[in-house]
1. Quick test for you: out of LEU332, LEU346, pick the one residue that is hydrophobic (A, V, I, L, M, F, W, C) and at pLDDT below 90.
2. Looking only at residues in segment 272-297 that are more than 14 Å from LEU361 (Cα to Cα) and within 8 Å of the ligand (Cβ to nearest atom), which one is surrounded by the most Cβ atoms within 10 Å (Cβ to Cβ)?
3. State whether the residues of segment 168-187 include one that is buried (at least 17 other Cβ atoms within 10 Å of the Cβ), farther than 22 Å from PHE383 by Cα and over 22 Å from the mean Cα position of the chain (by Cα).
4. Does SER51 count as surrounded by 12 or more Cβ atoms within 10 Å (Cβ to Cβ), assigned to a loop (DSSP other than H, G, I, E, B), at pLDDT 95 or above and not charged (D, E, K, R)?
5. Considering segment 54-86 alone, what residues qualify as being surrounded by fewer than 19 Cβ atoms within 10 Å (Cβ to Cβ) and assigned to a helix (DSSP H, G or I)?
6. Let me confirm something: among ALA163, ALA143, ALA175, ALA131, which residue is closer than 22 Å to CYS261 by Cβ, small (Gly, Ala, Ser) and in a loop (DSSP other than H, G, I, E, B)?
7. Within segment 241-262, identify whether any single residue is within 16 Å of the ligand (Cβ to nearest atom), free of Cβ contacts under 8 Å to residues at least 40 places away in the same chain and within 21 Å of the chain's Cα centre (by Cα), and answer yes or no.
Amino acid sequence: MTDPAKTATLSFDGKSFELPMYSPTAGPDVVDIRKLYADAGVFTYDPGFTSTASCDSTITYIDGGEGVLLHRGYPIDQLASKSHYLEVCYLLLYGELPTAAQLEDFETRVTRHTMIHEQMHNFFRGFRRDAHPMATMVGVVGAMSAFYHDSTDINDPWQREVASIRLIAKMPTIAAMAYKYSIGQPFNYPRNDLDYAANFLHMCFAVPAEKYEVNPILSRAMDRIFILHADHEQNASTSTVRLASSSGANPFACIAAGIACLWGPAHGGANQACLEMLKEIGSVDRIPEYIERAKDKNDPFRLMGFGHRVYKNFDPRAKVMKQSADEVLDLLGVDNNPLLQVAKELERIALQDEYFADKKLFPNVDFYSGIILEAMGFPTSMFTPIFALSRTVGWISQWKEMIGDPQMKIGRPRQLYLGETQRDYVNVEDR
Ligand code: SDX
């Protein structure tokens with residue numbers, strides 16, 4: 001941590017307190033309140049953490065006003081067009097783009113860990129066929145801590161490294177197995193001759209009855225979707241992983257917690273909710289009705305895939321995703337996809353509406369992703385598992401950064417208590 005750049009003064013009840021301030025390499029200054037309660041006897045109050053920095057980090061920077069997303073300084077649009085997912089994984093994990101030799105070694109290590117313990121296959125059969133694949137992923141990933149005991153000691157850097165590689169390598173296998181189980185088809189083992197994205201498509205769509213050739217267009221689009229979802233600063237699921245990890249829990253349990261949090265429709269579940277919303281709207285002429293519903297405070301309906309806690313401009317990932325949607329659907333010969341037309345018209349109308357302009361609501365990463373994923377053959381129930389698969393490297397990178405910080409403390413927020421003050425027990429006959 002840098003030395004305090006300046007101080008902030010907090011004054012109340014005739015007393016003043018000097019709080020150190022730190023300046024980042026990019027973004028807003030922070031006021032250090034770690035000693036506030038001990039010195040001033042007061043808490044800060046910030047439900048939803050709209051103004052709170054929970055940690056310092058060097059991994060990802062977001063400028064919400066400008067619509068900028070950097071991973072270790074590299075802009076997301078450059079990574080999406082010039083890099084590939086495992087190279088971005090290396091960048092997020094180790095801080096620099098790899099040399100050719102480093103990349104080859106990393107890819108080999110990941111490839112060699114893509115199979116899961118054979119006994120874990122039994123876990124899938126314990127679920128109902130119609131279980132949501134996210135339920136299966138939460139269960140199976142959590143159960144990894146029951147199989148990989150040699151990489152659960154978070155104080156051993158080597159075990160942290162092995163757990164990181166295992167999770168990045170096995171998530172596509174687990175997600176594909178959850179999908180295959182849900183449709184009653186046999187599991188496919190990973191193949192070491194395929195790259196990460198192609199391997200995932202193979203595990204999802206190959207069947208024993210015929211040869212499956214991975215379409216390179218789909219494989220490239222899949223890899224780009226993985227890149228766009230890899231990490232995103234201290235979002236809800238990453239914060240969940242950090243908080244769970246702060247107690248010293250093993251990495252598999254903590255990543256399972258992150259998957260659970262991501263499932264919510266306000267977070268990673270929005271990609272499924274968004275496509276379901278576009279299908280419900282169905283045609284361009286019904287858009288105004290839904291725009292009005294989204295603006296109606298008495299209607300819980302929100303435009304899924306729109307708005308963001310941090311971005312008050314276009315989500316740069318949405319821009320890349322929109323371009324990719326045009327390319328993939330055109331190459332697949334489904335460029336007149338009605339859902340894409342509805343999405344584009346919905347975006348156009350919403351961005352002209354003062355409600356959305358005033359509240360700075362723009363399409364986010366979830367707005368176009370579902371259209372591509374559906375065109376690739378995935379059911380909506382697989383959209384969030386794919387988000388979870390992609391974000392695992394972000395969760396793991398943030399986890400490693402926190403666990404490796406000697407200043408790490410267990411996370412334990414306080415509260416503004418508005419309940420009853422102390423009162424004596426009343427026997428039931430006297431109530
Ligand atoms: C992700 O944090 C991350 O980085 C997340 C993520 C990542 O990569 O990890 O980027 C991934 O989760 C993207 C967001 C996906 N969720 C959705 O698309 C669901 C729809 N969006 C909203 O639920 C909402 O925009 C949130 C949850 C994304 C952000 O909510 P905030 O920051 O808490 O904002 P808010 O709910 O306080 O909304 C501010 C105002 C409110 O109106 P007022 O009470 O001020 O009158 O904007 C309105 C909201 O009602 N609003 C919307 C809206 N989103 C916000 N109105 C209609 N439609 C919407 N989508």
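1. Of LEU332, LEU346, the one residue that is hydrophobic (A, V, I, L, M, F, W, C) and at pLDDT below 90 is LEU332.
2. Among those residues, the one meeting the criterion is CYS274.
3. no
4. no
5. Within segment 54-86, ASP77, GLN78, SER81, LYS82 meet the criteria.
6. The unique qualifying residue is ALA131.
7. Taking every residue of segment 241-262 in turn, at least one turns out to be within 16 Å of the ligand (Cβ to nearest atom), free of Cβ contacts under 8 Å to residues at least 40 places away in the same chain and within 21 Å of the chain's Cα centre (by Cα).
Residues checked against (1) hydrophobic (A, V, I, L, M, F, W, C); (2) modelled with pLDDT under 95:
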site	(1), (2)
LEU93	yes, no
LEU97	yes, no
PHE106	yes, no
HIS113	no, no
MET134	yes, no
SER151	no, yes
VAL162	yes, no
ARG166	no, no
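The values are calculated or read from the model by the stated rules, or taken from the named source; none is laboratory data. Predicted, not measured: the structure shown is a model, and the values here were computed from it. All Cβ positions, even for glycine, are placed from backbone atoms using ideal geometry, and neighbour counts span all protein chains on display.
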